[in-house]
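First up is the structure itself, then whatever we jot down about it.
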Amino acid sequence: MQRSTFSDITYKWAVGLLAGLGILILVGPVAIVIATSFTTSQTLRFPPPELSLRWYRELFDPVRSAQIHIAAWNSVWVAFCATAVGMVLSVLAALAVARVSRPSARLLEAGFLSPLVLPTLSYGLAALMFFSVMGIRPSLNLLIAGHLVVIAPFIFRTTLASLTQLDPGLLEASQSLGASRLYAFRRITLPLIAPGIAAGCFLAFISSMDNVPVSLFLSTARTGMLPIRMWGMMESTLDVRIAAIAGVLILATLVLMLVMDRLTGLTKRMSG
Amino acid sequence: MGSGSRPVMLQRPDMPPAVAQPLTLDGVTHSYGGGLAVDNVTLEVKGGELVALLGPSGCGKTTLLRIVAGFIEQSNGKVIIGERPIDTLPPSRREIGIVFQNYALFPHMTVAQNIAYGLAARGESRKVQAERVAEMLAIVQLEAMADRKPRQLSGGQQQRVALARALAIRPRILLLDEPFAALDKNLRLDMQIEIKRLQRQFALTAIMVTHDQDEAMAIADRIAVMSQGRIEQVGTPTQVYDEPASLFVNGFLGTSNLLDGTVETAGPEGYGVALNAGTRWTVASSRKFAPGEPVTVSVRPEQMVLADEAGEGRFPVSVALSLPIGGELIHDVAGPAGTSLKIAAPRRPGVSSRSAEQAFCGLADHARPSLFARS
């Protein structure tokens, strides 16, 4: 048995306290919003007087929540399309950047990642002005294009990371065995970087789903997006359905995360 | 995959290539960052021969191997297999099997898939693939491991898979890059025998890169000792060990004692050399020396003896330390003029050191010292 000194104990307490505080700040709001979503009351009040599924029933009612449903499908569609297009572009970009060791490649890398540090609000405004100057009317496709710029770097970054971890010897071995570049890509590179691509797509999808700044500028009444809709409801009616939406989103993210972990975990185990 | 000219032997999986092809390096030079990584190397590897490129790290041996494989394009010179220069062929068309230093097994594929990879890439049918995989697994004795992933195998097993994968495409040439560096010492001899066996069985012309003289001595038919991008000497293992062409080769292969002296006479028996240690030896050499020329005599530790009495060709030494190493007793002795020598003698059971500190040191009867010019 090792004797703990005074500094060991204070360290333990300090770290424990910080960790507890962190968990409280991260999990607390989530717990409160979920608890509130099960309320019977008319208002967003915590703690709820009694528990029921009333607001979830309301939320899933096709007539009374039609606007929310449209916004939700818009958000999912935009996130899906932006992620799909972003995946193709980012993987190609990462492949090119990883192959070249010249300084120009580092410059390109920084360029591709720059949307991550760009203030998204300014980008939203800039995109709106740019598209109106070009004479392009707001539409879902425009939203997809707008989101694409903001979320593609997530996929680019994780793909590039898994490419740099790829042993170049594997591709040389493949070459010496008579395989073409395309064959090597299909059977060696792609399977080994797939977990990285999947992780990036997950991050990209989530970040598109709850993107406010770009949607704020590029969406219209016709192309309402879920986060914007929620904000609108919050401002006007303090509708408890907002809490129910939050509950559904949290649950969906949780499920998606478990699926992702299962998939990439599996691929990780397969690729050693 | 755009490879129209596959050799016929691929269609006949059970027939190794009948005639091993020679590999010729003709004046191969590669400059890299202003310096010469490989400097005008000419080397002919006969069909079915295993040549080891031996040298310290940075001597250019790995660069040379990668030039043969096609991963590096040389600045000058030709690589020829059989009669045909292959310099314009990409690595995927060279029909060269490579065993990489870290094996480079595909981690996400099973052993069987790894071995079948080259055949699958060539578009061979599943039946041909399965037959060849079974054959290769039997040859490297890993039948039970067919469905395992590489990381579930030991180092020796991984290397056997790497060998099987390289040989499954029936290559014309086999390249081995530091093949034993990652293996336990006990496993090395087994794998050396295994590689030698397969190389003979498949009648392969092979080049092995290594910095380990024991490995090179163990399995190479000939050794090319490299230093600073050049080949210093090519010869059989015993040739380069017994008759090193330069002091570098002499020092790189095995241990040796260097004694300074001066040539006094030249005769049919050899040169009479007066050693600074205070005696006179007759040393044969294929190189020419003039009387009066300062020279260095090199003698292997096992070719020197310690005696209790003075005698012809002996000089007095004091034994500083004796180490019993297995069946040998290694004496570290100090001679006159500050020379330090190592002498290896067979050890009698129960003896762990030499009794007397003062002794006389001379050449053994079978000794073949080497003579080098001293500048």
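The values are calculated or read from the model by the stated rules, or taken from the named source; none is laboratory data. It should be emphasised that the depicted structure is a prediction, and the values quoted were computed from it without experimental measurement. Cβ atoms come from the backbone with ideal geometry, glycine included; neighbour counts cover every protein chain shown. Heads up: the accessible areas ignore ligands, DNA and RNA and are worked out on the full protein's heavy atoms, side chains in. Shrake-Rupley method; radii C 1.70, N 1.55, O 1.52, S 1.80 Å.
Determine the total buried accessible area between chain A and chain B, counting protein heavy atoms only with a 1.4 Å probe; round to the nearest 100 Å². Display every interim value, and only then the final one.
Details: alone 17240 and 17930 Å², together 33070 Å².
When A and B are taken together, about 2100 Å² of accessible area is lost.
Based on the Cβ-Cβ distance of A:Ile136 and A:Leu256, what FRET efficiency does E = 1/(1 + (r/R0)^6) give at R0 = 30 Å, to the nearest 0.05? Write out the running numbers ahead of the final one.
Numbers: r = 32 Å, r/R0 = 1.06.
Efficiency at R0 = 30 Å is approximately 0.40.
Which whole-Hz ³J(HN,Hα) couplings does region A:142-157 yield from phi under the Karplus relation 6.51 cos²θ - 1.76 cosθ + 1.60, θ = phi - 60°, glycine and proline marked x?
Computed from phi, the couplings for region A:142-157 are 5, 4, 4, 4, x, 5, 3, 4, 7, 9, 4, x, 4, 5, 4, 5 Hz.
Would you please name the GluC sites (Glu not before Pro) within region B:274-363 that are DSSP coil residues with at most 14 other C-beta atoms within 10 Å of their C-beta? Please report the intermediate quantities before stating the final value.
Values: sites: B:Glu302, B:Glu309, B:Glu312, B:Glu328, B:Glu357; in loops: B:Glu309, B:Glu312, B:Glu357.
Counting only loop positions with at most 14 other Cβ atoms within 10 Å, the GluC sites (Glu not before Pro) in region B:274-363 are B:Glu309, B:Glu312, B:Glu357.
Could you pull out the longest piece of chain A with no exposed loop trypsin sites (Lys or Arg not before Pro) in it, calling a site exposed if DSSP puts it outside H, G, I, E, B and it has at most 13 other Cβ atoms within 10 Å? Please list the in-between numbers first.
On the way: sites that count: A:Arg3, A:Arg45, A:Arg64, A:Arg222.
Longest run free of exposed loop sites: A:65-221.
So, in Å, what gap is there between the alpha-carbon centers of region B:164-194 and region B:225-300?
34
Computed FRET efficiency, Cβ-Cβ of B:Thr88 and A:Phe80, R0 45 Å: what is it to the nearest 0.05?
Working: r = 47 Å, r/R0 = 1.06.
According to the calculation, E is roughly 0.40.
May I ask for the percentage of alpha-carbon pairs in the protein assembly as shown that lie more than 49 Å from each other?
Working: 89329 of 208981 pairs.
For the protein assembly as shown, the fraction of Cα-Cα distances above 49 Å is 43 percent.
Can you give the log10 of the normalised intensity I(q)/I(0) at q = 0.08, 0.09 Å⁻¹, computed with Debye over equal Cα scatterers of region A:67-271?
Values, matching the q order: -0.34, -0.42.
Leaving out ligands, DNA and RNA, and with a 1.4 Å probe, what % of the accessible surface on chain A is carbon or sulfur?
Working: 11650 of 16160 Å².
Carbon and sulfur together cover 72 percent of it.
Of B:Met145, B:Thr236, A:Tyr56, which is farthest along the charge dipole of the protein assembly as shown in the positive direction, counting Lys and Arg as +1 and Asp and Glu as -1 at C-beta?
Toward the positive end, the furthest listed residue is A:Tyr56.
Which whole-Hz ³J(HN,Hα) couplings does region B:216-231 yield from phi under the Karplus relation 6.51 cos²θ - 1.76 cosθ + 1.60, θ = phi - 60°, glycine and proline marked x?
Result, ordered by residue: 4, 5, 5, 10, 7, 6, 9, 10, 10, 8, 10, 8, 6, x, 10, 8 Hz.
Across peptide B:107-113, what mean number of C-beta atoms from other chains lies inside 10 Å of a residue's C-beta? Numbers along the way, then the final one.
Details: counts 8, 12, 6, 0, 0, 0, 1.
Mean partner-chain Cβ count within 10 Å for B:107-113: 4.
How much space per residue, in cubic angstrom, does the convex hull of the C-alpha atoms of region B:255-373 take up?
Numbers: hull volume 11.9 nm³, N = 119.
Taking only Cα atoms, region B:255-373 has a hull volume of 100 Å³ per residue.
Could you grab the Rg to Rh ratio for chain B? Cα atoms only, Kirkwood for Rh. Numbers along the way, then the final one.
Numbers: Rg = 25.1 Å, Rh = 23.4 Å.
With Rh from the inverse mean 1/r over Cα pairs, Rg/Rh is 1.07.
Rounded to the nearest 0.05, what FRET efficiency is calculated for B:Ile193 and B:Thr29 with R0 set to 41 Å and r the Cβ-Cβ distance? Intermediate values should be presented prior to the final figure.
On the way: r = 36 Å, r/R0 = 0.87.
It comes to 0.70.
Please compute the per residue accessible area over region B:255-373 with all protein chains in place, 1.4 Å probe, rounded to a whole number of Å². Before the final figure, lay out each step's value.
Values: 6240 Å² over 119 residues.
On a per-residue basis, 52 Å².
What does the helix-only formula give at 222 nm for chain A: each DSSP H stretch with n ≥ 4 adding -39500 (n - 2.57), the total divided by the residues, and the result rounded to the nearest 500 deg cm²/dmol? Walk me through the numbers on the way to the answer.
Working: 12 runs with 205 residues, N = 272.
Only helices count here, giving -25500 deg cm²/dmol.
Cα convex hull of region A:1-159: how many Å³ per residue? The partial results should precede the final answer.
On the way: hull volume 42.1 nm³, N = 159.
Convex hull volume per residue, Cα atoms: 265 Å³.
Residues with amide H under 5 Å of B:His30's amide H, sequence separation 5 or more or different chain, H placed in the peptide plane at 1.01 Å from N; which?
Residues meeting the amide H criterion: B:Ala37, B:Val38, B:Asp39, B:Asn40, B:Ser75.
Using the heavy atoms of the protein chains alone and a 1.4 angstrom probe, what is the accessible area of chain A per residue in square angstrom?
Numbers: 16160 Å² over 272 residues.
On a per-residue basis, 59 Å².
Is there a pair in B:Lys149/B:Lys196; B:Lys185/B:Lys342; B:Lys78/B:Lys196; B:Lys61/B:Lys185; B:Lys78/B:Lys288 whose C-alpha atoms are over 29 Å apart, and which pairs would that be?
Details: B:Lys149/B:Lys196 26 Å; B:Lys185/B:Lys342 25 Å; B:Lys78/B:Lys196 27 Å; B:Lys61/B:Lys185 23 Å; B:Lys78/B:Lys288 34 Å.
Pairs exceeding 29 Å: B:Lys78/B:Lys288.
What is the helix-to-structure angle for B:126-139, meaning the angle in degrees between its Cα long axis and the longest Cα principal axis of chain B, kept from 0 to 90 and rounded to the nearest 10?
So the helix axis and the longest Cα principal axis differ by about 20 degrees.
Please give the residues from region A:167-184 for which the solvent-accessible area of heavy atoms, probe 1.4 Å, is smaller by at least 50 Å² with all protein chains in place than with the chain isolated.
Buried by 50 Å² or more upon assembly, which counts only protein chains, are A:Leu170, A:Glu172, A:Gln175, A:Ser176, A:Leu177, A:Gly178, A:Tyr183.
I want to make sure I understand the PRE zone here: with the label point 7 angstrom from the Cα of A:Leu125 toward its beta carbon, which residues in region A:212-244 have backbone N atoms less than 18 Å away?
A:212-219
Let me have the relative contact order for chain A, percent, based on Cα pairs under 8 Å that are six or more residues apart.
Numbers: 284 pairs, mean separation 74.6, N = 272.
This gives 27 percent for chain A.
Please work out how much length the chain gains when fully extended from B:Ser340 to B:Lys288, using 0.36 nm per residue of separation minus the C-alpha to C-alpha distance, in nm with one decimal.
Values: separation 52, 0.36 × 52 = 18.72 nm, distance 2.75 nm.
Roughly 16.0 nm would be gained on extension.
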